[in-house]
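Visitor: Got a structure for you, questions after.
The values are calculated or read from the model by the stated rules, or taken from the named source; none is laboratory data. Owing to the predicted nature of the structure, the values given are computational and were not obtained by experimental measurement. Note that we place each Cβ from the backbone using ideal geometry, even for glycine, and neighbour counts take in every protein chain shown. Ligands, DNA and RNA are stripped out before the accessible areas are found, and what is left, the full protein with its side chains, is counted by its heavy atoms. Shrake-Rupley method; radii C 1.70, N 1.55, O 1.52, S 1.80 Å.
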Amino acid sequence: MRILIVEDEARIRAFLARAFEAEGFGVDVVGDGDQGLARALTGRYDLVILDLLLPGLSGLEALRELNRERSDLPVLILSARSDLPIKLRSFELGAVDYVAKPFSLDELLARARVQLRRARVTEDNTEIRVGHLVLDLARRQARVGDSVADLSDREFRLLHFLMQHVGEVISRERLLSEVWGYDFDPRSNVVDVCVRRLRRRLGPDAPIETVRNAGYRAAA
Ligand code: CA
């Protein structure tokens, strides 16, 4: 998952970049509206976080242009302006969400995750992609490059759950209760066994990371 941050205030820009990188996202940052629009149109991004008061092209102008050229790319506005008319105007021009400064980082991250979750599911709703990994929901198959694996019910549900929560570390306990669905002994190693099997079948490029003492994460 890749995010473009368009923000002219260097301090906020650096702060946001660090925060999103810590969450496992790829981050590019630019400091003005013209560069922002150019990068958003040419790069491959899953979300743009766009300031409104920018040097050069304003955030609203960039938003209008983006909506015309790349209406599939979600744009979240992060602005010091918090009045209703500017919010409504932003939504009219295609923004998917609006966060006013000063902002809570946790709230911004949560809202960004919602958009990224939506962005991951392709239009026909039959596939989810995380990096090179494609999960075919109808066939219950996973693909990484040329490797295709038919999945057991548990493998499918485990992979599906991790991919729906891309970037988040999911604990073994949570996976146990979500995928095995009943009160499994928390010391059981069925989760680890299942992940090992998936990795063996999908190869070393499958973007499923082990986070030591915490759980697993699907990372793009
Ligand atoms: Ca600004």
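Visitor: Do you know which residues across the range 169-220 are under 16 Å from Ala142 (Cβ atoms), more than 20 Å from the chain's Cα centre (by Cα) and assigned to a loop (DSSP other than H, G, I, E, B)?
Guide: Within the range 169-220, Gly203, Pro204 qualify.
Visitor: Right, next: Pick from the range 92-103 the residues that are charged (D, E, K, R) and touching a residue at least 12 places away in the same chain (Cβ under 8 Å): which of them is nearest to the ligand (Cβ to nearest atom)?
Guide: Lys101
Visitor: Still on this structure, please answer the following. Could you list, in sequence order, all residues of the range 35-65 that are within 20 Å of Leu16 (Cα to Cα) and among the acidic types (Asp, Glu)?
Guide: Asp46, Asp51
Visitor: Further question: Quick one: which of Arg113, Arg117 is modelled with pLDDT under 85 and in contact with a His (Cβ under 9 Å, 6 or more places away or on another chain)?
Guide: Exactly one residue qualifies, and that residue is Arg117.
Visitor: What is the residue count in the range 154-166 for residues that are farther than 14 Å from Val190 by Cα and open to solvent by 60 Å² or more (accessible area, probe 1.4 Å)?
Guide: Selection size over the range 154-166: 1.
Visitor: Okay, next question. Which one of Arg199, Arg212 is surrounded by fewer than 18 Cβ atoms within 10 Å (Cβ to Cβ), touching a strand residue (DSSP E or B) at 6+ places or on another chain (Cβ under 9 Å) and under 21 Å from Val130 (Cβ atoms)?
Guide: Of Arg199, Arg212, the one residue that is surrounded by fewer than 18 Cβ atoms within 10 Å (Cβ to Cβ), touching a strand residue (DSSP E or B) at 6+ places or on another chain (Cβ under 9 Å) and under 21 Å from Val130 (Cβ atoms) is Arg199.
Visitor: If you scan the range 1-37, which residues turn out to be within 12 Å of the ligand (Cβ to nearest atom) and charged (D, E, K, R)?
Guide: Scanning the range 1-37 gives Glu7, Asp8, Glu9, Arg11, Arg13, Asp32.
Visitor: Consider the range 92-108. How many of its residues are part of a helix (DSSP H, G or I) and surrounded by fewer than 17 Cβ atoms within 10 Å (Cβ to Cβ)?
Guide: Qualifying residue count, the range 92-108: 4.
Visitor: Of the residues in the range 1-19, how many are at pLDDT 95 or above and buried (at least 22 other Cβ atoms within 10 Å of the Cβ)?
Guide: 6
Visitor: Right, next: For the structure I just gave you, tell me whether Arg89 is touching a helix residue (DSSP H, G or I) at 6+ places or on another chain (Cβ under 7 Å), away from the ligand (no atom under 16 Å from the Cβ), modelled with pLDDT of 95 or more and open to solvent by 50 Å² or more (accessible area, probe 1.4 Å).
Guide: It is true that Arg89 is touching a helix residue (DSSP H, G or I) at 6+ places or on another chain (Cβ under 7 Å), away from the ligand (no atom under 16 Å from the Cβ), modelled with pLDDT of 95 or more and open to solvent by 50 Å² or more (accessible area, probe 1.4 Å).
Visitor: Out of the range 38-84, which residues are in contact with a Gly (Cβ under 8 Å, 6 or more places away or on another chain), within 16 Å of the ligand (Cβ to nearest atom) and either at pLDDT below 95 or under 16 Å from Arg13 (Cβ atoms) (or both)?
Guide: Val48, Leu50, Asp51, Leu52, Leu53, Leu54, Pro55, Gly56, Gly59, Ala62, Ile77, Ser79 - these are the residues of the range 38-84 that are in contact with a Gly (Cβ under 8 Å, 6 or more places away or on another chain), within 16 Å of the ligand (Cβ to nearest atom) and either at pLDDT below 95 or under 16 Å from Arg13 (Cβ atoms) (or both).
Visitor: Confirm whether Glu23 is modelled with pLDDT under 95 and closer than 30 Å to His132 by Cα.
Guide: Criteria met by Glu23.
Visitor: May I pose another question? Kindly indicate whether any position in the range 167-182 is more than 20 Å from Thr210 (Cα to Cα), hydroxyl-bearing (Ser, Thr, Tyr) and open to solvent by 50 Å² or more (accessible area, probe 1.4 Å).
Guide: Taking every residue of the range 167-182 in turn, at least one turns out to be more than 20 Å from Thr210 (Cα to Cα), hydroxyl-bearing (Ser, Thr, Tyr) and open to solvent by 50 Å² or more (accessible area, probe 1.4 Å).
Visitor: Further question: Among the residues of the range 133-153, which ones are out of contact with any Gly (no Cβ under 8 Å at 6 or more places or on another chain) and surrounded by fewer than 17 Cβ atoms within 10 Å (Cβ to Cβ)?
Guide: Within the range 133-153, Asp136, Leu137, Ala138, Arg139, Gln141, Asp146, Val148, Asp150, Ser152, Asp153 meet the criteria.
Visitor: Any chance you could count how many residues in the range 53-78 are farther than 22 Å from Arg117 by Cβ, surrounded by fewer than 23 Cβ atoms within 10 Å (Cβ to Cβ) and of a type outside the set (Lys, Arg)?
Guide: Residues flagged as farther than 22 Å from Arg117 by Cβ, surrounded by fewer than 23 Cβ atoms within 10 Å (Cβ to Cβ) and of a type outside the set (Lys, Arg) within the range 53-78 amount to 9.
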